[in-house]
Amino acid sequence: MTQRTANHQLRKLVDESGLPYDGVARAVKAVAAESGQRLGTNKSAVHHWIGGAEPSGLTPGYLAEALSRRLGRRITREDLGLGSPVGGEDDSIGLTLDLDPIETLTAVGAADVNRRKFLAASAFSLAATTLPLETVQAAAARTRTVSGGAVAGHADVAAVRDMVKVFMDMDEKHGGQHGRSAFVQYLITDVRTLCRSRFASEDVRAEALSVASAGAHLAGWKAYDSGEQGLAQRYYLQSLALARESGVRGQDGFVMRTMSQQGMKLHRPEHCLALAETGWDRAKGRVGSQVEALFAITHAHALAKTGQRPQALTDVDRAHAALAAGADDDVPFWALVWGPPVATVHSRTAKVHETLGDRKNAALQYATAAASRPGATYARIIALDLVAQAEQQAKQGGIEQACTTWGRAIDTMAGVQSTRTLKAVRSLRGDLRPYRARGVRCAAELDERARLFLAQHN
């Protein structure tokens with residue numbers, strides 16, 4: 001029997017972290033859960049790793065990220081004494097900004113369209129959330145163009161923009177999993193080809209890179225909607241670099257705003273406020289009032305997440321004032337990812353009130369948001385707003401009202417392929433459990449509807 005050699009590098013890092021073995025195990029499982037992975041890691045497993053056993057599957061990446069967060073610096077597989085991934089699969093792909101973003105985007109997209117598990121289930125990197133604040137300008141400058149081949153003009157860019165917009169609309173109507181592979185394939189072929197063309201003018205080049213940024217942003221959103229947080233983050237980083245290089249006013253800040261929201265969704269507010277502030281600073285005075293309202297409300301949410309209640313409510317007022325002031329603004333297509341700005345502002349306002357514990361106003365704002373979007377186009381997000389509204393109603397004791405709202409949400413989800421909507425239905429079944437146990441009829445009837453819905457969609 002071959003005797004294992006103890007992993008002294010891992011032991012040293014675990015000792016430095018100050019975590020007991022069961023604490024390391026919990027941290028690893030928490031990182032994996034962010035991308036929908038359930039691990040059975042326990043303190044015995046950590047003991048075996050330190051004794052020389054190698055973690056299986058994707059666990060080394062989760063272990064590296066867990067210790068990175070604990071120690072406040074990036075820890076790699078090599079730092080853990082585990083060497084390079086088998087087969088050369090590098091789960092850090094897309095997390096750096098030292099390469100040409102078009103080439104990096106192509107590499108990430110190719111791994112995505114081939115459903116490479118090492119990337120689909122990769123960890124959300126807390127360290128990478130600081131990259132937009134440090135190095136994105138240098139990365140954007142590496143975006144290459146070519147000196148030969150076809151010349152692209154405004155019409156060529158418009159054709160690609162129209163196709164990206166079609167996929168954006170499909171995403172909201174049918175969910176992020178619908179047409180996902182087709183879109184990513186389009187991104188790494190047609191969009192890449194456009195960005196490698198010669199351009200008729202600098203304006204055309206800016207438009208092309210802006211469209212590529214919007215495409216990368218949508219690919220990230222689709223990954224996010226599937227619960228693949230690490231993959232989404234990689235797309236967002238390349239979207240940011242492309243937006244910055246395009247020079248289109250406010251678009252780079254808009255991507256930073258999205259990255260801030262992703263961090264808040266994962267309950268990691270450490271850098272969310274800085275991202276929201278920097279993104280807003282990039283847009284102030286450079287975009288219309290409706291778009292600026294989107295930045296203001298995300299900043300308000302980040303303030304609420306960090307316990308700054310008065311400042312958060314002040315920014316809520318600023319966002320709504322900007323909406324009113326810009327009622328006749330033209331909104332750029334990249335800022336319409338979640339539908340009309342008015343609906344997005346109301347939905348995010350609801351999240352601010354929810355964070356601050358104001359359930360009544362949260363429910364009202366979720367209802368307004370759902371009513372502010374065209375139902376035929378934005379089915380997924382309307383359904384999620386209705387679910388959130390129902391949760392707030394239930395927490396106020398209005399279970400019958402909540403059941404009615406939940407029922408509307410399930411009606412709206414028909415034909416939507418989204419991990420988030422399925423998760424929302426599973427969650428509502430959990431919320432209904434105590435009411436079912438007490439014999440509340442509407443809760444029992446709704447639970448049966450939810451059970452059948454999940455059976456059909458699983």
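The values are calculated or read from the model by the stated rules, or taken from the named source; none is laboratory data. Keep in mind the model is a prediction, meaning the values are calculated, not measured. Here the Cβ is made from the backbone with ideal geometry for all residues, glycine too, and neighbour counts use every protein chain on show.
Please determine whether any residue of the range 236-248 is surrounded by 24 or more Cβ atoms within 10 Å (Cβ to Cβ), outside the structural domain of L187 (by TED's automatic domain parsing) and hydrophobic (A, V, I, L, M, F, W, C). No, that holds for no residue.
Among the helices (runs of 4 or more DSSP H) confined to the range 350-458, there are none with at least 1 residues that are over 26 Å from A232 (Cα atoms) and in the same structural domain as D171 (by TED's automatic domain parsing). Residues of the range 4-20 being closer than 27 Å to K117 by Cα and either of a type in the set (F, W, Y) or not in a helix (DSSP H, G or I) (or both), which ones? Selection gives N7 alone. Criterion applied to T412, T377, T419, T405 was being in contact with a Ser or Thr (Cβ under 6 Å, 6 or more places away or on another chain) and not basic (K, R), and the one residue passing it is T419.
Residues in the range 45-87 that are within 12 Å of V24 (Cα to Cα) and part of a loop (DSSP other than H, G, I, E, B): there are none.
Can you spot a residue in the range 308-318 that is touching a Gly at 6+ places or on another chain (Cβ under 9 Å), among the aliphatic types (A, V, I, L, M) and crowded, with 20+ Cβ neighbours inside 10 Å?
For the range 308-318, residues touching a Gly at 6+ places or on another chain (Cβ under 9 Å), among the aliphatic types (A, V, I, L, M) and crowded, with 20+ Cβ neighbours inside 10 Å: absent.
Restricting the range 343-383 to residues that are surrounded by fewer than 19 Cβ atoms within 10 Å (Cβ to Cβ) and β-branched (V, I, T), the residue that is farthest from the chain's Cα centre (by Cα) is T368.
Exactly one residue out of L446, L386, L364 is modelled with pLDDT of 95 or more, of a type in the set (A, V, I, L, M, F, W, C) and touching a Ser or Thr at 6+ places or on another chain (Cβ under 6 Å): that is L386. If only residues of the range 146-180 that are in contact with a Phe, Trp or Tyr (Cβ under 7 Å, 6 or more places away or on another chain) and assigned to a loop (DSSP other than H, G, I, E, B) are counted, the one that is modelled with the lowest pLDDT is G176.
Scanning the range 24-39 for residues that are out of contact with any helix residue (DSSP H, G or I) (no Cβ under 6 Å at 6 or more places or on another chain) and at pLDDT 90 or above returns R26, K29, A30. For the range 351-376, a residue qualifies if it is aliphatic (A, V, I, L, M), free of Cβ contacts under 8 Å to residues at least 40 places away in the same chain and within 24 Å of G288 (Cα to Cα), and the qualifying residues are A369, A370, A371. For the range 194-219, how many residues meet the condition of being without any contact (Cβ under 8 Å) to a residue 60 or more places away in the chain and outside any helix (DSSP H, G or I)? The qualifying residues number 5. Within the range 395-406, not a single residue is aliphatic (A, V, I, L, M), buried (at least 24 other Cβ atoms within 10 Å of the Cβ) and either touching a residue at least 40 places away in the same chain (Cβ under 8 Å) or touching a strand residue (DSSP E or B) at 6+ places or on another chain (Cβ under 8 Å) (or both).
Residues in the range 433-454 that are surrounded by 18 or more Cβ atoms within 10 Å (Cβ to Cβ) and free of Cβ contacts under 8 Å to residues at least 24 places away in the same chain: D447 only.
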